[in-house]
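Here is the structure we will look at, set down as structure tokens.
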Amino acid sequence: MKILVTGGAGFIGTHLVRELLKRGHEVVVVDNFTLGKEENVNCFRDNSNYKFYNLDIAKGNEFWEALKEKKFDIVYHLAANSDIQKGSKNPSVDYNDTFMTTVNTLELMRRIGCKKLFFSSTSAVYGEKQELLSENIGDLKPISYYGGAKLASESFIQSYSFMNDFSTVIFRFPNVIGPNLTHGVIYDFIRKLQNNPNELEILGNGTQTKPYIYVFDLIDAIVKFTLDIDMLQGVEIYNAGVESATSVTTIADIVCEELGYKDVKYHYTGGNVGWKGDVPKFQYDLTKIHNVGWTASKTSDEAVRETVRYIKEHLNESSYNGWW
């Protein structure tokens, strides 16, 4: 198959590209290295099935012009600002990097006649709800710019899919972690401990509790639902996650334990969120995705521990030099 991956130099995108190339597909990656890294994709350069374009997808004309002669069997649209805390400081970040990248990707598909799409959405579209989050819950009220941009993207995808007979799979991701992580609570804790091994600042009160999915479990699900299972015309939405969840304080404990930091004093900034727009707790109803035959292999705590162990083993490598 001929495949386009937007955001393919990013954390999740890199792992997806590797799996697609492993399966023998021709893969075109578009990224502008806002969050993705050039070193993430350098390993693919010698693969004749791989081609890379350094483009800002938010600039539609440049994006469309570069790919107007291409034919793709499916597009995996991962390009977005996935750093919610960063986006909370500047609404234009999510407008451009999350919403406009989606609109321009959809328009490219319409222009070149591509009919299959995978879209990476998020739990943030649900907003701050107390109940188990089901795909069928209505009255979605995202509280972050990121969640709003993703929900708006889902709406455009619905309309483009209807008007152009697309077959679309949308995954609403929880917190995704694993090798080559670029931001998030684990990243922040390790960076802080490198600077001060005696005290760790924890945003909020530490009780924030969310499901964390290991990136290889997520890639397995993405491939299964787009390549191994026939995609039906229209839009299918799935919560892709794990049944368990991990608190921020538990993550701090795992980081300190695995990296050998002892007697660390935790300093909490207070409140039940780390920043405005952060959802303190949520849990998915995974009935729909489980009924199709997919379940994550690692629990949330296992995913956190495995991620920290990987980082510990690779801290001295060049890919982590920019962390500290």
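The values are calculated or read from the model by the stated rules, or taken from the named source; none is laboratory data. Treat the numbers as computed from the prediction; the structure is a model and nothing was measured. Glycine gets a Cβ as well: all are built from the backbone with ideal geometry, and neighbour counts include every protein chain shown.
For the range 1-92, the strands (runs of 3 or more DSSP E) that sit wholly inside it and include 3 or more residues that are among the aromatic types (Phe, Trp, Tyr) are 50-54. Note on the range 220-255: residues that are within 17 Å of Val185 (Cα to Cα) and among the acidic types (Asp, Glu) amount to 1.
Put simply, of Phe225, Phe282 the only residue that is surrounded by 13 or more Cβ atoms within 10 Å (Cβ to Cβ), within 17 Å of Asn175 (Cβ to Cβ) and touching a helix residue (DSSP H, G or I) at 6+ places or on another chain (Cβ under 9 Å) is Phe282. From the list Ala252, Ala303, pick out the single residue that is under 23 Å from Arg18 (Cα atoms), aliphatic (A, V, I, L, M), touching a Gly at 6+ places or on another chain (Cβ under 8 Å) and not assigned by TED's automatic domain parsing to the domain that holds Arg18. One residue alone meets the criteria, Ala303.
Is it the case that some residue within the range 111-118 is over 21 Å from the mean Cα position of the chain (by Cα) and part of a helix (DSSP H, G or I)? Steps first, answer last, please.
So the first thing to find is which residues in the range 111-118 are over 21 Å from the mean Cα position of the chain (by Cα), and the list is 111-115.
Filter again for part of a helix (DSSP H, G or I), leaving 111-112.
The answer is yes, given that some residue of the range 111-118 is over 21 Å from the mean Cα position of the chain (by Cα) and part of a helix (DSSP H, G or I).
Rundown of residues vs (1) closer than 20 Å to Met109 by Cα; (2) surrounded by 19 or more Cβ atoms within 10 Å (Cβ to Cβ); (3) among the polar types (S, T, N, Q); (4) assigned by TED's automatic domain parsing to the domain that holds Leu227, yes/no style:
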| position | (1), (2), (3), (4) |
| --- | --- |
| His15 | no, yes, no, yes |
| Leu20 | yes, yes, no, yes |
| Val30 | yes, yes, no, yes |
| Gly36 | no, yes, no, yes |
| Asn47 | no, no, yes, yes |
| Lys51 | yes, no, no, yes |
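Glu236: touching a helix residue (DSSP H, G or I) at 6+ places or on another chain (Cβ under 7 Å), at pLDDT 95 or above and not in a loop (DSSP other than H, G, I, E, B), yes or no? Spelling it out, it is not the case that Glu236 is touching a helix residue (DSSP H, G or I) at 6+ places or on another chain (Cβ under 7 Å), at pLDDT 95 or above and not in a loop (DSSP other than H, G, I, E, B).
Of all residues in the range 214-226, those that are under 13 Å from Ile289 (Cα atoms) and among the small types (Gly, Ala, Ser) have Cβ atoms under 6 Å from Cβ atoms of residues that are crowded, with 22+ Cβ neighbours inside 10 Å and modelled with pLDDT of 95 or more, 6 or more apart or on another chain, in Ala221/Ala240. Within the range 204-218, the set of residues being surrounded by fewer than 19 Cβ atoms within 10 Å (Cβ to Cβ) and farther than 24 Å from Glu131 by Cα comprises Phe216 only. Of the residues in the range 223-235, not one is out of contact with any Leu (no Cβ under 9 Å at 6 or more places or on another chain) and closer than 28 Å to Asn90 by Cα.
Figure legend. Inter-residue proximity from the range 58-72: first residues closer than 16 Å to Met1 by Cα, second residues assigned to a loop (DSSP other than H, G, I, E, B) and at pLDDT 95 or above, beta-carbon distance below 8 Å, spacing 6+ or different chains. Indicated pairs: Lys71/Gly113; Lys71/Cys114; Phe72/Cys114. All of Phe156, Phe166 fail the test of being in contact (Cβ under 8 Å) with a residue 60 or more places away in the chain and either in contact with a strand residue (DSSP E or B) (Cβ under 8 Å, 6 or more places away or on another chain) or over 30 Å from Cys43 (Cα atoms) (or both), apart from Phe166.
Within the range 139-169, restricting attention to residues that are surrounded by fewer than 16 Cβ atoms within 10 Å (Cβ to Cβ) and among the acidic types (Asp, Glu), the residue that is farthest from Ile222 (Cα to Cα) is Asp139.
Considering the range 163-187, the residues that are part of a helix (DSSP H, G or I) and under 22 Å from Ser244 (Cα atoms) include one that is modelled with the lowest pLDDT, namely Tyr187.
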